[in-house]
């Protein structure tokens with residue numbers, strides 16, 4: 001089991017990224033109302049960004065204290081971005097992009113089919129059956145029972161995939 | 001008195017509410033048990049569908065899921081050695097060895113009965129303690145709420161993560177997300193970048209779904225190929241001598257669990273681990289050594305984690321500070337329904353308080369029924385491969401994020417929060433403080449500004465106020481103590 005005493009692959013880089021993000025957020029928070037007063041809308045964002053900046057610096061210092069584990073870019077990719085995660089995240093992105101055009105049910109059905117087929121590896125027929133069943137259950141539960149108006153999709157309304 | 005009883009029995013007498021509580025408890029058992037699904041994930045998704053419902057209906061379902069979910073994790077811990085929820089980690093230590101000895105049914109039965117006892121004691125504590133705390137909390141001022149909010153976030157960050165700095169960063173990140181949108185006091189734009197979608201702020205449910213649902217799905221991809229182990233399950237209903245024998249331990253662990261659950265930032269997982277440790281220290285001659293199938297090691301964490309449920313409601317309902325991640329979500333549900341958890345909740349809406357007490361009691365009784373039945377179907381369901389569950393979680397997260405305002409952009413946001421949550425989790429950050437920050441950030445902001453206006457924008461007066469009023473002084477000292485105990489020199493001295 002990993003503990004906080006072991007340096008994870010890419011942990012220093014991530015800590016540095018946090019410092020940069022916190023610095024950027026602090027600058028943006030300052031831009032809201034500067035130091036004009038103690039009760040302006042920018043005070044709390046600046047305080048929160050200040051905590052982010054300070055804590056990220058502490059996190060960075062902590063990672064610098066830990067011994068290097070000699071892991072390179074390959075270890076980082078294996079740890080943080082294994083092929084399965086990258087492909088799945090890509091698939092999720094495509095899914096999110098397709099919802100406005102294809103509609104929720106069609107996009108979700110396609111996503112479930114590809115994802116289950118790819119992850120489960122029991123063949124396309126089983127994946128298709130499972131995704132169809134899941135979509136049917138989701139439709140009944142959310143559209144019929146919870147009465148959520150699911151996005152219909154521009155393709156079915158205007159004939160265009162991208163509106 | 002009769003009126004209170006009437007409020008208490010609302011969900012017992014209404015067939016619809018009775019049904020929703022039963023469904024919630026049953027669903028919660030499965031949600032808690034299936035590795036990859038979590039109660040926080042389920043409740044955050046549920047809120048997005050139930051926000052249009054009557055508040056009692058929404059709470060009946062969510063409370064059922066909460067009670068069932070905390071218990072459900074024990075079943076997979078016993079049967080598969082995979083704790084379905086963090087609160088069942090300690091349960092696996094002796095539950096799984098019991099199952100390997102062919103006593104899986106007995107272990108499940110005993111854990112069910114003890115969970116119910118723990119759950120009922122937690123609810124009793126809620127009923128007795130909450131009115132007293134609420135009476136006291138009426139005296140709280142803006143600066144006290146500000147301090148309470150900060151303490152709540154820091155406690156979650158300190159107790160649930162691997163370092164204080166990481167907890168503080170996560171909490172501050174959450175506050176930052178909570179600040180996005182137009183400032184409610186001055187209508188100044190904060191981090192909106194001219195986007196109309198950002199002006200109304202980011203609904204915390206969207207952040208919750210992203211950080212708990214999508215992020216967890218991405219983390220679970222690592223274990224997608226893991227196949228569960230199968231166990232034979234025989235007799236489930238425990239024998240009366242067994243129940244009687246372990247009753248004292250169950251009562252002690254319930255008390256501990258309730259107390260731990262009532263501390264903001266802790267929850268069933270910490271309560272269970274502490275109760276396990278306590279049982280290990282206090283049991284002089286266990287029949288079987290701890291770690292090899294000691295029934296004491298099964299009972300202590302199970303009673304404690306269910307007792308923590310009632311405890312977690314105490315600070316949430318009386319102070320508006322959630323006791324754990326799930327009550328943080330439930331507090332959000334109350335906000336959505338126009339209710340304001342805090343000391344006035346008990347005086348303004350006593351029906352709601354007693355409804356929650358009655359409903360949690362009912363959910364515990366349903367837990368007894370569902371916990372002792374349907375094991376065969378259960379073992380089939382929990383064997384559902386993660387390869388099917390993970391895509392389903394993503395789809396449920398997408399529909400949940402969309403349903404809150406029927407806005408497709410929220411799906412993208414939830415997925416983006418999921419990626420951020422995944423990165424944070426991979427590097428040892430907890431996402432609980434982020435969500436608490438999103439919820440409590442606006443509360444801290446508003447109360448800080450009220451307190452500062454009260455001090456006429458004089459920094460000296462502001463800090464004087466923090467130490468010159470008894471309640472503020474106690475809270476300020478607590479906050480300072482929390483910060484000091486995180487300093488390196490203090491930690492070195494403790495070692």
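The values are calculated or read from the model by the stated rules, or taken from the named source; none is laboratory data. Model, not experiment: these values are computed from the prediction. All Cβ positions, glycine included, derive from the backbone under ideal geometry; neighbour counts span all protein chains shown.
What to note about this one:
- The condition of being buried (at least 24 other Cβ atoms within 10 Å of the Cβ) and in contact with a helix residue (DSSP H, G or I) (Cβ under 9 Å, 6 or more places away or on another chain) holds for only one of B:125, B:129, B:168, B:134, that being B:168.
- Residue in the range B:221-235 that is surrounded by 16 or more Cβ atoms within 10 Å (Cβ to Cβ) and either in a helix (DSSP H, G or I) or modelled with pLDDT of 80 or more (or both) present: yes
- Within the range B:180-205, tally of residues that are in contact (Cβ under 8 Å) with a residue 40 or more places away in the chain and within 13 Å of chain A (Cβ to nearest Cβ): 2
- Checked against the criterion of being in contact with a helix residue (DSSP H, G or I) (Cβ under 9 Å, 6 or more places away or on another chain) and more than 10 Å from chain B (Cβ to nearest Cβ), the candidates A:109, A:159, A:123, A:118 yield just one match: A:123.
- Evaluating residue B:165 against the criteria (1) without any contact (Cβ under 8 Å) to a residue 24 or more places away in the chain; (2) outside any helix (DSSP H, G or I) leaves one unmet condition, (2).
- Members of the range A:70-96 found to be part of a loop (DSSP other than H, G, I, E, B) and either in contact with a helix residue (DSSP H, G or I) (Cβ under 6 Å, 6 or more places away or on another chain) or loosely packed, with under 12 Cβ neighbours inside 10 Å (or both), listed by number: A:70, A:72
- Candidate set from the range A:5-49 (those that are at pLDDT below 90 and exposed (fewer than 15 other Cβ atoms within 10 Å of the Cβ)); member that is nearest to the other protein chains (Cβ to nearest Cβ): A:37
- Any hit, the range B:414-427, residues being farther than 16 Å from residue B:207 by Cβ, within 9 Å of chain A (Cβ to nearest Cβ) and within 20 Å of the chain's Cα centre (by Cα): no
- Of residues in the range B:361-418 being more than 23 Å from residue A:116 (Cβ to Cβ) and in a loop (DSSP other than H, G, I, E, B), the one modelled with the lowest pLDDT: B:404
- Options B:157, B:72; residue that is modelled with pLDDT of 85 or more, crowded, with 22+ Cβ neighbours inside 10 Å and part of a helix (DSSP H, G or I): B:72
- Residue B:457, sole failed condition from (1) in a helix (DSSP H, G or I); (2) within 14 Å of chain A (Cβ to nearest Cβ): (1)
- Flag if residue B:342 is surrounded by fewer than 24 Cβ atoms within 10 Å (Cβ to Cβ) and under 19 Å from residue B:357 (Cα atoms): yes
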